[in-house]
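One structure is given here, and the rest of the page talks about it.
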Amino acid sequence: MNIIYVVGIGPGAYEKMTIEAADTLRDSDVIIGYTVYVDLVREHFPEKEFLTTPMRKEVDRCRMAFEEAEKGRKVAMICSGDAGVYGMAGLMLELGREYPDCEVRVIPGVTAATGGAAVLGAPLIHDFALISLSDLLTPWEKIEKRLRLAAEADFVICLYNPGSKKRADYLEKACEIMMESKSGDTVCGLVSQIGREGESMRVLPLKELKKTPVDMFTTVFIGNSQTVEVDGKMVTPRGYRYE
């Protein structure tokens with residue numbers, strides 16, 4: 001049986017990669033991934049062979065991995081963050097049915113929600129919803145419904161893919177939807193370039209977030225009704241008694 005490892009490499013910095021992920025890449029013959037993600041690990045595994053495909057070639061990338069594994073090679077398919085959170089694990093498992101001689105194993109990693117939360121402080125201590133604003137694979141109408149219901153339920157909401165050149169106003173639209181049931185003073189935060197050079201963070205109210213430019217390298221956190229700012233950090237209380 002040929003084994004393919006689908007590896008979450010974390011937010012970008014080698015130090016934020018799990019030991020299991022690093023060991024898996026070190027033991028692999030070939031590392032396959034989206035060009036940008038391969039560039040994040042190439043210097044740490046210079047002796048490895050790397051195969052890449054551009055964005056929107058995910059199926060081709062997966063088939064490439066299976067074809068390499070069928071040659072008897074140890075293959076690692078890498079994803080940023082966690083392979084099972086907006087990553088390639090699902091597609092690899094689905095396509096794996098066409099390659100009965102290959103077994104897919106998933107290696108978890110630090111996703112942007114937890115990596116960014118650590119930079120901001122502790123925004124995800126209580127129940128939260130994770131929503132992507134990218135409508136490339138999900139209709140915007142469905143994204144709107146998820147935003148509205150999560151806001152009504154008073155979840156902390158973490159937003160992936162909050163904006164791009166083609167979707168410059170998506171975060172503004174999302175904030176307008178959430179402000180139907182969340183106060184404009186709700187404590188929010190954003191983190192850019194998590195775990196990479198140029199990492200930055202900011203805590204601000206929802207009404208200000210609405211007008212803040214963001215890109216695909218930014219992760220946005222919208223607090224619940226209990227979230228507060230503590231010494232410049234974003235904190236959502238769990239409800240522990242400490243009087």
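I need the helices of the chain that pass two filters: whole DSSP H segments spanning 27 Å or more by Cα along the axis, and mean Kyte-Doolittle score no lower than -0.5.
On the way: long enough: none.
The answer is none, since no helix passes both cut-offs.
Of the listed pairs K145/K207; K48/K142; K57/K210; K74/K166; K57/K211; K16/K173, which have alpha-carbon separations greater than 31 Å here? It would help to have the intermediate numbers written out before the result.
Values: K145/K207 20 Å; K48/K142 41 Å; K57/K210 33 Å; K74/K166 38 Å; K57/K211 33 Å; K16/K173 33 Å.
From K145/K207; K48/K142; K57/K210; K74/K166; K57/K211; K16/K173, over 31 Å: K48/K142; K57/K210; K74/K166; K57/K211; K16/K173.
Once the principal axes of the Cα atoms of region 1-131 are found, what is the range along each, listed largest first in whole angstroms?
For region 1-131, the Cα spread along each principal axis is 46, 31, 26 Å.
If you average the sequence gap of Cα pairs under 8 Å that are 6 or more apart and divide by the length of region 1-157, what percent do you get for the contact order? Present the calculation step by step, with values, prior to reporting the outcome.
Working: 265 pairs, mean separation 46.8, N = 157.
RCO, region 1-157: 30 percent.
Would you mind telling me which residue in K173, K57, K74 has the biggest mean-square fluctuation in a Gaussian network model of the chain, where springs connect alpha carbons within a distance under 10 angstrom?
K57
From the backbone phi of region 221-227, what are the Karplus-calculated ³J(HN,Hα) couplings (6.51 cos²θ - 1.76 cosθ + 1.60, θ = phi - 60°) in whole Hz, Gly and Pro given as x?
Along region 221-227, the couplings run 10, 10, x, 9, 5, 9, 5 Hz.
Tell me, rounded to the nearest percent, the portion of alpha carbon pairs in region 138-243 spaced more than 24 Å apart.
On the way: 1238 of 5565 pairs.
In whole percent, the long-distance tail amounts to 22.
Compare A122, A168, A21 in a GNM of the chain, Cα atoms joined below 10 Å, and give the one with the largest fluctuation.
Maximum fluctuation in the GNM of the chain, among the listed residues, is at A168.
Set Lys and Arg Cβ to +1 and Asp and Glu Cβ to -1, take the dipole of region 71-203 about its Cα centre, and tell me which of L190, L120, N161 lies farthest positive.
Of L190, L120, N161, it is N161.
So how exposed is Y34, as accessible area in Å² (1.4 Å probe, rounded to 10)?
40 Å²
State, as an integer percentage, the relative contact order of region 118-243 based on alpha-carbon contacts under 8 Å between residues 6 or more apart. Please list the in-between numbers first.
Working: 247 pairs, mean separation 40.6, N = 126.
Over region 118-243, the number comes to 32 percent.
Need one number: % antiparallel among DSSP beta bridges in the chain, to the nearest 5. If you can, show how the numbers build up before the last one.
Numbers: 18 of 44 bridges.
Of the beta bridges lying entirely in the chain, close to 40 percent run antiparallel.
Determine the per residue accessible area of the chain with all protein chains present and a 1.4 angstrom probe, expressed in square angstrom.
Details: 12550 Å² over 243 residues.
Here the residues of the chain average 52 Å² of exposed surface.
The values are calculated or read from the model by the stated rules, or taken from the named source; none is laboratory data. For clarity, every value in this text was computed on a predicted model and none was experimentally measured. Cβ: placed from backbone, ideal geometry, glycine included. Neighbour counts: every protein chain shown. Side chains are part of the model used for accessible areas, which takes the heavy atoms of the whole protein and leaves out ligands, DNA and RNA. Shrake-Rupley method; radii C 1.70, N 1.55, O 1.52, S 1.80 Å.
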